[in-house]
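Heads up: the structure comes next, in structure tokens.
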Amino acid sequence: MIRAFKNLKNYILDSGEDIQDRLFIILTCIALTGMFFAFLAGIVIGENLSSQIAIAVSFIVFSIIVVLGYKFHKIRLTAAIVAVIMVFILFPVVFFTSGGIYGGSPIWFVFGVLYIGMILNGWIRIVFFIIELIMVVICYYVQYNYPHLVLPHSMSEFFFDSIAALLVVSMITTVMMYLQTMFYRAENDLTKSQKEEIDVLNKAQNRFFSNMSHEIRTPINTIIGLNEMILREHVSPEVAEDALSIQSASSMLLHLVNDILDMSKLQSGQVKLSSTPYDPRNTILDIVNMMGIRAREKHLEFSINVEPDIPSRLKGDEVRIKQILINVVNNAIKYTDEGYVSLNVLCSKKGEDRVSITFSVSDSGMGIKKESIPYLFTAYKRMDEEKNKLIEGTGLGLSIVKQLVDLMGGKITVNSVYTKGSTFIIEIPQEVLDSEPIGEMDLSERHSAVNVAAYHQSFEAPDAKVLIVDDTRANLIVASKLLRDTGVSIDTASSGEEALKKTLQTPYNVIFMDHLMPVMDGIECMHRIRTQTGGLSKEARIVALTANAGSENEALYENEGFDGYLLKPVSGRSLEDELRNLLPPELITMDHAGDISSAGVSLVAGKNRRKASVIISTSSASDIPEELIRKYRIAIIPLSIETEEGTFRDVEDIDPESMLTYMIDEHKSLRMKPLEKDQMEAFFAEQLQYANNIIHISVTSRVDATSYNSALEASGTFDNVTIFDTGQISTGQGMMALEAGRLALEGRSVDEILIDLEKLKHEITTSLIVENMQYLAWTNKVNPVIDTITRAFMIRSVLYFKNGRIHLKNLYIGSIDRARKKYISRVLRKPGNIDKSRLFITYVGLSQRELDRIRESVDRKVRFEEVIYQKASPSIASTTGPGTFGLLFRRISDKD
């Protein structure tokens, strides 16, 4: 017994157990204590025997249930059982055997509500609240209408019972609330303590990764720097090959270190963006420079397409943008064995001084499985492990990219067809500092980082004086050797104190300063040089040459007053470029032989492959004139027509006249065949080579045999394909495609276009008058009996399309000419509400004379600025038959 009590006590005090379960145990123990005192009080005041038995039995049952619940770890179930017994058995029995409202029962009802609120949670708490309130109402109702069912109390019994209940309930309620508060306070203190421990661990982890990054960068700087010196020399092919392998391995090690450090910072929320002015041309050229070499190594075509309207000066975190692009382009190159990788850069205005820069990276690689796309940006996870096991990487790159893009308020999406390639689209908002466009970029401006065959310094400056300050001897050797061929006079210092001694004696033009040095760090040394009494280098340009990576560190050095920032490991080219930019021009003699072109890099400035932001697509059933398709750059996918001789592509393989002849002369039927999901996927994948987003204008989803569902399912494979249900067919669908195309050419976003289309959807009037229903019957759209009757009585029917459904709205009896005039008169009966800019007359099998008569009837009602005659596509013609035509236009305010 004592052991069981100790175990129960340990359970209650164990913070590792669920707090709600522990509260139930202790609150129930207190409630049982209250019941015990209530039982004793009942004996003292001579309470009814039935009531006393009910309390005693409940006490025993509750005790057993609690013990069993604790033993079998069914605390939540136990709490529910206790609540059921309390609400349905204990309280009603005590009420009817202890005077009802003239006793302590009302007080115990209040206690029940409080107790249930403490031991239960979620929806079950609300259910029991309601049930108890219902039970209270029932008890009060029974006593009011059937008082003989309640055992009465004398006045003295009522007085003593109620005061005893009040005292016991007050006491146990106070204790229960105190203990609950104490538990929650202890839990809160524990949470705070754990949070503080986590914060300390995060800081320690960040310090560790930061120190690790710094310490690894220092020896890598030596390896890469001295290895570059080997590559500059005239060495044997074997040595050169080994040196290139060292260079590649060092770069990969550095990339892995960067990924681990960034993921650590992102997970702990330590990454802060550093918004600084930058030239997007230089950013793009740097990416071309770095990634072009990797593409060449794999014999891939690397094409660059840059929108000339991009502003020449932007403000944002250039370092992070480069990191994003390097990760995505590097991934594309890694997973592409043959073909191409392309980088497209677009710009769209988002306000007076804001733009959205869109980077689109496409490849012809292995693609991504549809089921893998949701996990693409998950850290440490790699897709298709078995197939990609030989490809290097940690699985962190895309996760870092996603988090950085989110931090910038941007968006990243992916479109991919497995085995056919992928496209990553990154949209990043940026502030505009100079709206002057960059114009057409000359990619010959780029330089390769290392060229084994023909290194040559880019300038010479024999009269320039440079000081390199670093506490690591190897770093001093590397920097000195990398700048040796420029002819500058180089001094070195291994500490801040030594640097100050040298600046007292020599007027240096440029100082390269390490940051983390013992005794006096680089920032303090820089400030002391600037204010040094008698110093000769107060005006020197000082560059932070450090292993401290990250935008926050770059911002730190800029705020402290450094003139530049170079991250170790540093290449000879970047060191030369920084020095050339900082030296006075009169000290520099340019050597253009040092401008190493990237000859041999398979890189194309593909102006003809520049991507659009949005492209509009639709099916051949939209009945759009060819010249308007070209004008608004609308992509058309042909539908399929299935005949007894085979399947033909709408418009491309068969024209309306041939199809009608086939049906009339040979009395053969045909049917429209909806496009399959695979066909739609292939179509979308092809169009995404030319645009970052697709809006597919679909025929109404409510008409049978349409490709809407296939298109919708296929769009799920891509992040940037939107299917819009027009609720229209024929040229009504085409009119919406034309409006969407016009908005896309204006540079509107996907969301803006969809909002306009949703409004236009209810303004387009689409109707067709058919000469007879024979073709509708042949294609199973109407019952053949109806066709026979309408032809016998010369009934002409009008088909209206509204809210995605076909309605047979008007019937005209008589000649076809008379019916057409009535149709035109009815459709154009409210000219004040009609947009008179454009009218489409879509027709099947009409002669020019018939079209002229239709035009005359139209002109009598409404004068349109432009009237376009359009032959209906075979898919429409096969359903409606010859003699059909329709007036399709935009109604400004349709009140019909």
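Things worth noting here:
- Using only alpha-carbon positions in the stretch 511-560, the gyration tensor eigenvalues give semi-axes of 20, 12, 9 Å once each is multiplied by 5 and square-rooted (largest first).
- Accessible surface calculations at 1.4 Å, restricted to protein heavy atoms, place the stretch 57-190 at 56 Å² per residue.
- Selection of chymotrypsin sites (Phe, Trp or Tyr not before Pro), the stretch 741-849, meeting DSSP coil and at most 10 other Cβ within 10 Å: Phe793
- Of the residues His234, His527, ranked by 1.4 Å probe accessible area with the largest first, the sequence reads His234, His527.
- Of the residues Met176, Met441, the one with the largest accessible area comes first in the ranking Met441, Met176, computed with a 1.4 Å probe on protein heavy atoms.
- Leu808 accessible area, 1.4 Å probe, all protein chains in place, Å² to nearest 10: 100
- Neighbourhood net charge (10 Å Cβ-Cβ; Lys/Arg +1, Asp/Glu -1) for Asn810: +4
- Computed over Cα pairs, the Kirkwood radius of the stretch 753-896 leads via Stokes-Einstein (0.890 mPa s, 25 °C) to a diffusion coefficient of 155 µm² per second.
- Extension gain from Ala204 to Tyr184, taking 0.36 nm per residue of separation minus the Cα-Cα distance: 4.2 nm
- Over the C-alpha trace of the stretch 161-231, radius of gyration and Dmax come out as 30.2, 101 angstrom.
- Eigen-decomposition of the gyration tensor built on the alpha-carbon atoms of the stretch 669-792 gives equivalent ellipsoid semi-axes of 32, 19, 10 angstrom, largest listed first.
- Measuring between their Cα centroids, the stretch 133-150 and the stretch 475-549 lie 94 Å from each other.
- Glu197 - accessible surface, heavy atoms, 1.4 Å probe, Å² rounded to 10: 110
- For the stretch 31-144, the relative contact order is 23 percent, taking Cα pairs closer than 8 Å that sit 6 or more residues apart in sequence and dividing their mean separation by the residue count.
- For the stretch 48-204, diffusion coefficient by Stokes-Einstein and Kirkwood Rh (Cα), 25 °C, 0.890 mPa s, µm²/s: 137
- Which listed pairs, of Lys298/Lys677; Lys631/Lys809; Lys809/Lys830; Lys298/Lys350; Lys315/Lys611, have C-alpha distances above 27 Å, in listed order: Lys298/Lys677; Lys631/Lys809; Lys298/Lys350
- Cross-link check: pairs Lys349/Lys411; Lys349/Lys759; Lys465/Lys502; Lys272/Lys322 evaluated at a Cα-Cα cut-off of 19 Å; pairs beyond the cut-off: Lys349/Lys759.
- Annotation: Cα Rg of the stretch 461-586 relative to the compact-globule expectation 2.2 N^0.38 Å equals 0.95.
- Net charge of Cβ neighbours under 12 Å - reference Lys502; Lys, Arg +1; Asp, Glu -1: -1
- The stretch 803-870 gives an Rg/Rh value of 0.96, both radii derived from C-alpha positions and Rh following Kirkwood.
- Residue list for the stretch 87-103, given a label point 7 angstrom along the Cα-to-Cβ vector of Tyr140 and an amide N cut-off under 16 Å: 92, 95-96, 100-103
- Convex hull of the stretch 729-797 built on C-alpha atoms - directionally averaged projected area, nm²: 5.9
- Loop-located GluC sites (Glu not before Pro) across the stretch 714-765 with a Cβ neighbour count of 13 or fewer within 10 Å are Glu746, with loop assigned by DSSP.
- Taking the centroid of alpha carbons for each part, the stretch 224-252 and the stretch 30-96 are 85 Å apart.
- Rg/Rg_ref, the stretch 65-154, where Rg_ref = 2.2 N^0.38 Å and atoms are Cα: 1.20
- Among the protein heavy atoms, those of Lys370 account for about 90 Å² of accessible surface (1.4 Å probe, every chain in place).
- Solvent exposure, largest accessible area first (probe 1.4 Å, DNA, RNA and ligands not counted), of Cys525, Cys347: Cys347, Cys525
The values are calculated or read from the model by the stated rules, or taken from the named source; none is laboratory data. Fair warning: this is a prediction, and the values are worked out from it, not measured in the lab. Every residue, glycine as well, gets a Cβ built from its backbone with ideal geometry; the counts of neighbours run over all protein chains shown. We work out accessible area using only protein heavy atoms, side chains counted, and drop any ligands, DNA or RNA first. Shrake-Rupley method; radii C 1.70, N 1.55, O 1.52, S 1.80 Å.
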